[in-house]
Amino acid sequence: MIRVVDLHKRFGPTLAVRGVSFEIQPGEVVGFLGPNGAGKTTTIRVLTGYHPATSGLAEVAGCDVRRQSLEVRRHIGYLPQEVPIYPDLRVVEFLRYRAALKGVPRRDRKAAVERAMAKAGIADVARKLVGHVSHGYRQRVGLADALVANPPILILDEPTSGLDPNQRRRVKQVVRELSAEHTILFSSHILGEVQDVCSRVIVIHRGTVRADGRPDELVAGGTRARLSVRARCPAELLREIVTVLAGVVADTIDVAEDDAAAGHGVATLRCELEPSSDPSEELGTRLQQAAVPVYGLEVERPTLEEYFYAITDGADQREELALAAAATEGGPR
Amino acid sequence: MNGALVTLKKELLSYAVSPVSWIIAVLFYFVRGFELSDLALVFAVYRADPDMFPAATYGNFSTNVMVMLVPGILTMRCFAEERRTGSIETLMTAPVTDFAVVFGKWLAAALFYAILWLPSVLVLHVLEYPAYFDVDIAFGPVFSAYLGMFLLAGFLLAFGCFASSLTDNTMLAAILTILFDGVLMKAPSWLATRIGDWGDGWYARELLAKIDVMGNFSTWFARGLIDTSQVAFFLGGIAFFLFLTWISLTSRRLA
């Protein structure tokens with residue numbers, strides 16, 4: 001439904017998008033994640049025909065966004081980041097105008113506007129001036145605008161930004177309902193809501209795609225879980241038991257013993273685990289066999305937030321440290 | 001054309017609900033009412049030719065304001081406001097051609113301008129009553145004068161749309177248009193009197209005469225004469241500035 005191949009977008013000296021490629025199949029709900037300034041909105045604007053690409057290919061519903069811009073725009077319902085409105089029109093007038101502009105036939109217009117208002121949950125403010133409704137409602141007016149021509153593809157650029165938790169919940173609910181009928185590209189930097197709503201995420205950072213896949217698979221496959229165990233035994237014994245377990249990253253083991261002088265110390269061990277591994281059951285058995293009383297055993301799974309940090313700012317920091325180290329090594333002798 | 005028609009309707013609605021439009025209309029008819037009653041009095045007392053009455057209204061303050069200031073005020077929001085509020089993004093990503101948007105906005109401004117002007121014809125009709133002149137005013141020259149005025153307004157409104165497409169500052173767009181109006185009204189005749197011998201070569205004097213809008217008004221349209229070269233000048237100017245506006249908008253997709 002959407003195909004982007006080696007997309008570049010330059011604004012003067014700044015390369016905002018550097019070789020972004022991805023595909024979205026019909027019916028998918030894809031989260032487009034990235035920190036502020038990552039290139040999400042620029043990529044979206046290229047897809048909607050608002051900005052031209054500097055190079056690369058972008059296709060929507062099989063149409064090239066540059067050469068068949070009008071056709072592409074017929075297939076898209078777009079909610080921009082900042083919902084622009086005409087404050088002097090009533091909500092229903094604004095939606096009728098947008099429906100007409102998008103080519104909804106006159107005989108179907110009233111029904112289309114009512115359907116869009118019902119889906120976005122704004123029927124109660126239909127007669128209000130757009131300039132007089134709250135920010136949350138305005139966001140939903142923008143969503144109704146994206147829906148009014150019933151396009152097969154919805155591109156929602158940070159649809160929950162600036163909303164309170166209840167409003168965010170409502171928008172997420174609407175997006176979930178829409179996923180049955182539309183292909184959705186949902187841009188956000190709020191990870192929780194992407195995890196709630198999307199079946200797949202594309203993470204973009206500094207204009208490049210850093211990850212693309214199912215949220216749980218990305219997190220499980222890309223970040224280490226953490227094992228934490230507290231038991232009444234000498235620290236070295238605990239270390240010996242844990243070191244031999246499958247999936248434990250040996251050089252991350254950190255163990256400390258409290259109150260050892262009294263002869264009944266409690267050792268606390270923390271370590272990282274290889275992605276997708278879970279040695280907790282085996283560890284429990286081994287501790288039982290060694291007759292070690294266990295006070296706590298926990299495998300802490302990484303969150304999407306940690307994964308996101310690891311491949312964006314975390315990756316930047318590692319890169320900077322590596323560069324600094326290289327500079328130190330290659331410095332004046 | 002559907003896009004242009006939809007844009008036209010929406011823009012007309014916006015003009016209708018804008019307080020600025022109503023302030024212009026009220027002030028125009030308020031000032032014009034005083035001016036016309038004074039003119040009618042002068043014409044009645046001195047028994048001047050009432051058929052010259054419409055032409056005499058050209059020098060009025062209200063006419064000058066309508067020609068010099070109103071096109072800039074009406075068009076200043078066309079694109080500058082859309083840029084300022086960000087609604088240009090949803091407009092340009094809707095399945096409608098850029099030219100349809102440009103044409104729809106210009107046509108709405110031109111129609112609204114015409115709606116502001118047209119009731120002034122009724123005022124002339126009122127002056128035919130016995131209480132005033134008690135004669136039939138020749139409506140042929142009135143028609144040509146109004147045609148000329150609308151062509152000029154269309155030209156200035158097209159420039160106003162272009163100026164508005166260049167900036168997100170509505171005041172700047174209005175000032176640009178008003179400056180352009182001023183230059184177009186005053187510069188040709190002013191330059192013609194100052195170019196001296198240089199004007200004899202390169203058809204400079206002829207060129208200035210062609211673009212002397214106010215001079216041509218009194219020579220042609222005010223006398224009930226429709227000069228096709230003047231009509232072509234205004235229509236060409238409208239097409240030229242609408243084209244520039246379209247280029248200004250569409251360059252976003254090409255850059």
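The values are calculated or read from the model by the stated rules, or taken from the named source; none is laboratory data. Since the model is a prediction, treat every value here as computed from it, not as a measurement. When we count neighbours, we look across all protein chains shown, and the Cβ atoms used for this are built from the backbone with ideal geometry, even at glycine.
Some observations on this one:
- Test: residue in the stretch A:47-54 that is over 24 Å from the mean Cα position of the chain (by Cα) and of a type outside the set (A, V, I, L, M, F, W, C): yes
- All positions within the stretch A:143-156 that are in contact with a helix residue (DSSP H, G or I) (Cβ under 8 Å, 6 or more places away or on another chain) and either on the phi < 0 side of the Ramachandran plot or crowded, with 24+ Cβ neighbours inside 10 Å (or both): A:LEU143, A:ALA144, A:ASP145, A:LEU147, A:VAL148, A:ALA149, A:PRO151, A:PRO152, A:ILE153, A:LEU154, A:ILE155, A:LEU156
- Qualifying residue in the stretch B:152-161 (condition: away from chain A (no Cβ under 14 Å), farther than 15 Å from B:VAL67 by Cα and not polar (S, T, N, Q)): yes
- Candidates A:GLY62, A:GLY34, filtered to the one that is of a type in the set (Gly, Ala, Ser) and more than 24 Å from the chain's Cα centre (by Cα): A:GLY62
- Looking across A:LEU33, A:LEU57, A:LEU129, A:LEU70, one residue alone is buried (at least 17 other Cβ atoms within 10 Å of the Cβ) and at pLDDT 90 or above. It is A:LEU129.
- Unique residue being assigned to a helix (DSSP H, G or I), in contact (Cβ under 8 Å) with a residue 12 or more places away in the chain and within 29 Å of A:ALA246 (Cβ to Cβ) when the list is A:VAL194, A:VAL219: A:VAL219
- Taking the listed residues B:LEU27, B:LEU8, the one that is under 30 Å from A:LEU95 (Cα atoms), in a helix (DSSP H, G or I) and either touching a helix residue (DSSP H, G or I) at 6+ places or on another chain (Cβ under 7 Å) or modelled with pLDDT of 80 or more (or both) is B:LEU8, with no other qualifying.
- Residue list for the stretch A:109-131, restricted to those being of a type outside the set (Gly, Ala, Ser), assigned to a helix (DSSP H, G or I) and touching a residue at least 40 places away in the same chain (Cβ under 8 Å): A:LYS119, A:VAL130
Residues checked against (1) surrounded by 18 or more Cβ atoms within 10 Å (Cβ to Cβ); (2) more than 19 Å from A:PRO26 (Cα to Cα):
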| site | (1), (2) |
| --- | --- |
| A:ARG169 | no, yes |
| A:GLU177 | no, no |
| A:THR183 | yes, no |
| A:GLY192 | no, yes |
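- Qualifying residue in the stretch A:280-299 (condition: modelled with pLDDT of 80 or more, among the hydroxyl-bearing types (Ser, Thr, Tyr) and part of a helix (DSSP H, G or I)): yes
- Among residues of the stretch A:38-54 that are within 13 Å of A:VAL203 (Cα to Cα) and within 10 Å of another protein chain (Cβ to nearest Cβ), none has a beta-carbon under 8 Å from a residue that is part of a loop (DSSP other than H, G, I, E, B) and β-branched (Val, Ile, Thr) at least six positions away or on a different chain.
- Only listed residue being assigned by TED's automatic domain parsing to the domain that holds A:VAL104, farther than 20 Å from A:ASN150 by Cα and among the β-branched types (Val, Ile, Thr), chosen from A:VAL65, A:VAL72, A:VAL17, A:VAL60: A:VAL17
- Inspection of the stretch B:222-236 identifies at least one residue that is on the phi > 0 side of the Ramachandran plot and touching a helix residue (DSSP H, G or I) at 6+ places or on another chain (Cβ under 7 Å).
- Filter result (at the interface with another protein chain (Cβ under 8 Å from one of its Cβ atoms) and farther than 17 Å from B:VAL102 by Cβ) within the stretch B:1-34: B:LEU13, B:VAL17, B:SER18
- Members of the stretch B:57-84 that are part of a helix (DSSP H, G or I) and surrounded by fewer than 17 Cβ atoms within 10 Å (Cβ to Cβ): B:GLY59, B:PHE61, B:ASN64, B:VAL65, B:ARG84
- Residue list for the stretch A:134-146, restricted to those being more than 22 Å from the chain's Cα centre (by Cα), away from every other protein chain (no Cβ under 13 Å) and not in a loop (DSSP other than H, G, I, E, B): A:HIS135, A:TYR137
- Only a single item in (1) modelled with pLDDT of 80 or more; (2) more than 14 Å from every other protein chain (Cβ to nearest Cβ); (3) closer than 28 Å to B:ILE73 by Cα is not met by B:ASN216, and it is number (1).
- For the stretch A:231-251, a residue qualifies if it is under 17 Å from A:GLU272 (Cβ atoms) and part of a strand (DSSP E or B), and exactly one does: A:VAL248.
- Among residues of the stretch A:265-280 that are assigned by TED's automatic domain parsing to the domain that holds A:ILE253, those with a Cβ under 6 angstrom from a residue that is of a type in the set (Asp, Glu), sequence gap 6+ or separate chain, pair up as A:GLY265/A:GLU257; A:GLY265/A:ASP258; A:GLY265/A:ASP259; A:VAL266/A:ASP258; A:ALA267/A:GLU257; A:ARG270/A:ASP254.
- Being buried (at least 20 other Cβ atoms within 10 Å of the Cβ) and within 28 Å of the chain's Cα centre (by Cα) holds for only one residue in A:LEU238, A:LEU269, A:LEU227, A:LEU287, and it is A:LEU227.
- Any hit, the stretch A:183-190, residues being more than 21 Å from A:ALA144 (Cβ to Cβ) and not β-branched (Val, Ile, Thr): yes
- Count of the stretch B:98-127 residues, restricted to those that are buried (at least 17 other Cβ atoms within 10 Å of the Cβ) and either at positive phi or within 13 Å of chain A (Cβ to nearest Cβ) (or both), is 6.
- Filtering the stretch A:69-108 to residues that are away from every other protein chain (no Cβ under 11 Å) and free of Cβ contacts under 8 Å to residues at least 24 places away in the same chain leaves A:ARG107, A:ASP108.
One line per residue, one yes/no per condition, for (1) within 14 Å of another protein chain (Cβ to nearest Cβ); (2) at pLDDT below 90:
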residue	(1), (2)
B:THR57	no, yes
B:SER62	no, yes
B:LEU74	no, no
B:PRO95	yes, no
